[in-house]
Each structure stands twice: as C-alpha cells, then as structure tokens.
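The values are calculated or read from the model by the stated rules, or taken from the named source; none is laboratory data. Treat the numbers as computed from the prediction; the structure is a model and nothing was measured. We place every Cβ from the backbone using ideal geometry, glycine too, and count neighbours over all the protein chains shown.
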Amino acid sequence: MLSRRLLLSAAAALALSSPGVGYAADPIPVVASFSILGDLVRQIAGPDATVKTLVGPDGDAHVYQPTPSDAKAVAAAKLVFMNGLGFEGWMNRLLKSSGTKATAVTVTTGIQPRAAEKDAHGHAHGNVDPHAWQNVAHVQVMVTNIAAALAAADPARAEGYKSRATAYQADLTALDADIRRQIGALSPAQRRVITSHDAFGYYGAAYGITFLAPQGMNTESEASAKDVAKLITQMRQQKIKAVFVENISDPRLTAQLAKEAGATVGGELYSDALSPAGGPATNYLDLMRTNTKALVAAMALN
C-alpha cells in the first residue's frame, strides 16, 4: 500500500505539471515591432514569454515592409507590442491582414509626445515625434505599460513580470542620472549636434542638447537643397563640430554636411534600432550609454 507521504508527493508533482499552474506552463508568444522595443519586452518577460521582433538590428521601422513570416508570428501571438505615435505606419495593416486575436499594446500610452517640427517650407513631417525612447523617463513609462500588459495576459506569472520590471526601473534611474552627470559637465554653448534625421528631439529636450538634422522625423522625407545649405551655414557660423551618422541612415548626406562645414563625422549613433550581435548597442541600456559617450566626446570639441 502506498504511504500517505508518497501519495501527497505524487499529487504535488501532478499539480506542478498541470497546465493550470502558471510557472509550469509554456512561455506565452508575444511580438514586438522593432529591436529597441523587443529588448525592453524581453527584459520584463524573462523566461515567461518568447519575444519575436519584426524589425531587427540596424533596421529602419519607418520604411519597413512586413513579410509573410511576420504575419504568421502576429497571428500566433498573445500580445503585440508597438511604439505607436505613428512610428509603425504599417502595423495596423499587418494586424488586420494576419487575422490575429492578439491584444495590441501601445507602449507609449501616457507619454506626452513632442509636436513635429516644421521645415523651412512650413511642412511638418508627421504629427508628432515618435522617438519617445530617447528620453529614459519615457522608457520607464513604457516598461510600466509592458509589465501591466504581460501580467494581464498571463496573471499566473504576474509577480515575475512585476519583479523584473522593478529591477529594470532601478537600472533606468541610474542610467538617467549618469547621462545627466556627463552632459552637465559641458557648457550649454557646446551642446549642439548634427544628426542624419530628427530622431533625438526627446533626448535633446530631456538633457539640454540642440539637435539639428537635414531630414525630418521620418526617414522617408527628403532634405531639400535649400535646407541643406541653410544647415551648412548654421554649422559654420556656430562652429558645430559634432556631426554623426545613424545606424539606420545613408551616411552620404551627413558626410557632405561635415565636408562643406569643415567638420568631421564623429561616429555612429543608434537612433531607431539596436546594433547587431557583437556591436556596442545590443540592448537599450548600452544604446544610451554608447550614444551618450560619443555625443559628449564630440560636443567637447564645439
């Protein structure tokens, strides 16, 4: 006859293997629209969700064209995380065409967006600036939204999502303080930078830097010859030496600006995407650290 202890042990083992117990269940499938957001979701999801990213490292989500495999991943997902603010203009079509029953989560909910700036002709490139992740405080809002969505979709493992979010929020607080310390060492007059497109407005507003760019907030927009000439004149007059290409952009226009204004391209910034594996910006924290280090070094020459 089986002992009472053995029967209880067997019952406990059976309970742990039951699909009804959260921590024994399979990871839930989720999708993130682009690489930076994919990293944020992975930080909070941990082992409890499998994360498929649609636009990978060095990819430009502004002009991305979804593939059949993207539609398949979205169709199978429980959650689909997107930035919103007009960043993924193709996402609504993808959600509809995939026939998915996934919950779509806009992670920028609760963030006050920057208005799109107008060019020399008075044209605004989009209604708002979608690059909210360039301000660390905004990413803290995004992380809160991610954790809440994961917990709602998978309540049995809600404590795990909450715990990882709390730990990551502490990392973000430390990162924000470090960026402010580094930039605070520069005089306000030095804090001027040229980039490929207008992707760093939130960073500039948060940390006291003026970013200038020949392209608007969307990389589909083209810089006019008049705008480029005006920017070159400004660079010469203000002696701006901090000029950067972006990992998602064609470097030729930025190189032309630097040459015409007598400046030197200071390196590469990671604006809308992470670097590939082995690069310096394979996650959000390293992206911000890498960009800040490069920016501070170049602005010190202004």
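Structural remarks
- Ala152 being of a type in the set (Gly, Ala, Ser) and surrounded by 14 or more Cβ atoms within 10 Å (Cβ to Cβ): no
- Number of the condition not met by Leu301 [criteria: (1) at pLDDT 70 or above; (2) out of contact with any Ser or Thr (no Cβ under 7 Å at 6 or more places or on another chain); (3) not in a loop (DSSP other than H, G, I, E, B)]: (3)
- Near pairs, Cβ below 8 angstrom, 6+ apart or cross-chain, from region 63-77 (without any contact (Cβ under 8 Å) to a residue 40 or more places away in the chain) to any residue that is among the basic types (Lys, Arg) and in a helix (DSSP H, G or I): Pro66/Arg93
- Matching option when the condition is aliphatic (A, V, I, L, M) and either modelled with pLDDT of 95 or more or not in a loop (DSSP other than H, G, I, E, B) (or both), among Val63, Val31: Val31
- Residue match in region 270-289 (condition: of a type outside the set (S, T, N, Q), part of a loop (DSSP other than H, G, I, E, B), at pLDDT below 80 and over 21 Å from Ala177 (Cα atoms)): no
- Look at (1) in a helix (DSSP H, G or I); (2) at pLDDT 90 or above; (3) of a type in the set (Gly, Ala, Ser); (4) surrounded by fewer than 19 Cβ atoms within 10 Å (Cβ to Cβ) and you find that Ala255 fails only one, number (2).
- Among the conditions (1) surrounded by fewer than 17 Cβ atoms within 10 Å (Cβ to Cβ); (2) outside any loop (DSSP other than H, G, I, E, B), Leu54 misses just one, which is (1).
- Selection of region 181-215 for residues being in a helix (DSSP H, G or I) and either in contact with a strand residue (DSSP E or B) (Cβ under 7 Å, 6 or more places away or on another chain) or within 25 Å of Val128 (Cα to Cα) (or both) yields Gly201, Tyr202, Tyr203, Gly204, Ala205, Ala206, Tyr207.
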